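Right, one structure below, let's go through it.
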Amino acid sequence: LTDTALGSSAWTRLKHDIQTTLDWDYIPEEDQSDLPRFDALDRILPRNELTYAVVNLFTARRESVVRPSPGEEVQLATSYLDLLRLRFEQSYDIREATRDTELEEFDRRPFSDLVTEVTYLPRTHFALTSRTWYSFYDNRITEHEHILRVFGERASAYFGLDFLADVDNDIRRRGQEELTILRLGGHLLLASRWRVTLDNRYDLEEGENLETVVGLEFIHQCYALRALYTHTPFDDRVELRVNLMGL
């Protein structure tokens with residue numbers, strides 16, 4: 001290496017890793033009639049589901065000619081970037097495969113939609129993620145989700161578009177209507193431990209705001225406190241959440 005090459009860099013290698021996962025999610029059915037019920041969230045629903053996935057990770061290697069400090073010889077420095085992540089995921093619902101209710105309206109569909117997720121990270125402060133749900137029962141796409149994220153040291157922002165198809169023959173997606181949703185949001189670090197967040201969803205089909213969530217967080221080494229204000233066309237809600245880190 002010579003001084004004339006100082007500052008030059010090039011991508012020199014691309015590595016492809018393949019990972020597979022298998023998760024079993026099981027929640028037994030329990031009698032909860034003795035517990036108070038204000039809304040659907042006050043009941044823990046039973047589950048018995050297998051989720052399998054294949055993840056493809058493409059990592060690029062970059063070599064640059066640098067001078068560690070004045071007076072030293074130029075050297076070759078190596079850095080790595082997880083450039084592209086491609087994930088395929090599907091679930092098999094064991095309870096759905098043996099369901100014996102509402103069969104006149106909904107056929108058994110134990111296999112979930114196939115989810116294809118692509119995450120592209122050409123720079124350390126930029127990420128583009130796209131998710132697509134495909135139904136093998138209906139032979140069509142039921143949902144798209146695209147989101148662009150920009151990261152900084154003290155702030156981040158995102159812009160997203162979600163597309164939902166009209167689904168009326170899947171018991172797990174019952175009532176899903178055709179929607180085109182615009183998402184905007186991000187966070188700003190006010191001080192070393194304080195952060196304000198914003199998440200907004202807007203229905204482009206109807207021209208109305210679906211939900212706006214404003215949050216204020218205090219982040220400690222062992223816990224985090226989060227105050228949220230949520231506005232929808234139906235109600236306004238204030239929440240206080242405590243997150244015990246690592247639990």
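Once you charge only the Cβ atoms, +1 for Lys and Arg and -1 for Asp and Glu, what is the size of the charge dipole of the chain about its Cα centre, to the nearest 20 debye? Mind showing how you got there, number by number?
Numbers: 29 positive and 45 negative charges, 342 e Å.
The calculated dipole for the chain is roughly 1640 debye.
Full-extension gain between Leu22 and Asp236, please, as 0.36 nm times their residue separation minus the C-alpha to C-alpha distance.
Numbers: separation 214, 0.36 × 214 = 77.04 nm, distance 3.94 nm.
Going from the current span to full extension adds 73.1 nm.
Within a Cβ distance under 14 Å of Leu14, other residues only, what is the Lys/Arg minus Asp/Glu net charge?
Values: positive: Arg13, Lys15, Arg61, Arg62, Arg85; negative: Asp17, Glu63, Asp82.
Summing Lys and Arg as +1 and Asp and Glu as -1 gives +2.
Suppose each label sits 7 Å from its Cα in the direction of the beta carbon; what would the Asn209-Ala191 distance come out to in nanometres?
With each label placed 7 Å out from Cα toward Cβ, I get 2.8 nm.
What order do you get for 233-244, 129-140 when each peptide is scored by the mean count of other beta carbon atoms within 10 Å, highest first? Show your work: numbers first, answer last.
Working: 233-244: 9.2, 129-140: 14.7.
The peptides rank, most packed first, as 129-140, 233-244.
Got the relative contact order for the chain handy, in percent, Cα pairs under 8 Å and 6 or more residues apart? Numbers along the way, then the final one.
Working: 553 pairs, mean separation 23.2, N = 247.
Relative contact order of the chain: 9 percent.
What ranking do 210-218, 40-48 get when scored by the average of other Cβ atoms within 10 Å per residue, highest first? List each step's numbers first, then the result.
Details: 210-218: 16.1, 40-48: 10.8.
Output ranking for 210-218, 40-48: 210-218, 40-48.
Can you check what the net charge comes to around Arg149, using other residues whose Cβ is under 12 Å from the Cβ of Arg149 (Lys, Arg +1; Asp, Glu -1)?
Details: positive: Arg123, Arg183; negative: none.
Local charge sum for Arg149: +2.
Measure out, as a whole number of angstrom, how far apart the alpha-carbon centroids of segment 90-116 and segment 133-211 sit.
25
How charged is the neighbourhood of Leu121? Take every other residue with its Cβ under 11 Å from the Cβ of Leu121, and add Lys/Arg as +1 and Asp/Glu as -1. Please list the in-between numbers first.
Details: positive: Arg85, Arg123, Arg149; negative: Asp82.
The answer is +2.
Given springs between every Cα pair under 10 Å in a Gaussian network model of the chain, which of Gln19, Gln75, Gln32 has the largest fluctuation?
The residue with the greatest mean-square fluctuation here is Gln32.
Provide the gained length on full extension for the span Trp11 to Leu57, in nm with one decimal, where the gain is 0.36 nm per separating residue minus the Cα-Cα distance.
Working: separation 46, 0.36 × 46 = 16.56 nm, distance 1.66 nm.
So the extension gain works out to 14.9 nm.
Only the coordinates and a few stated rules stand behind these numbers; no lab work does. Given the structure is predicted, the values throughout are model-derived calculations rather than measurements. Cβ coordinates were reconstructed from backbone atoms using ideal geometry, including for glycine residues, and neighbour counts include every protein chain displayed.
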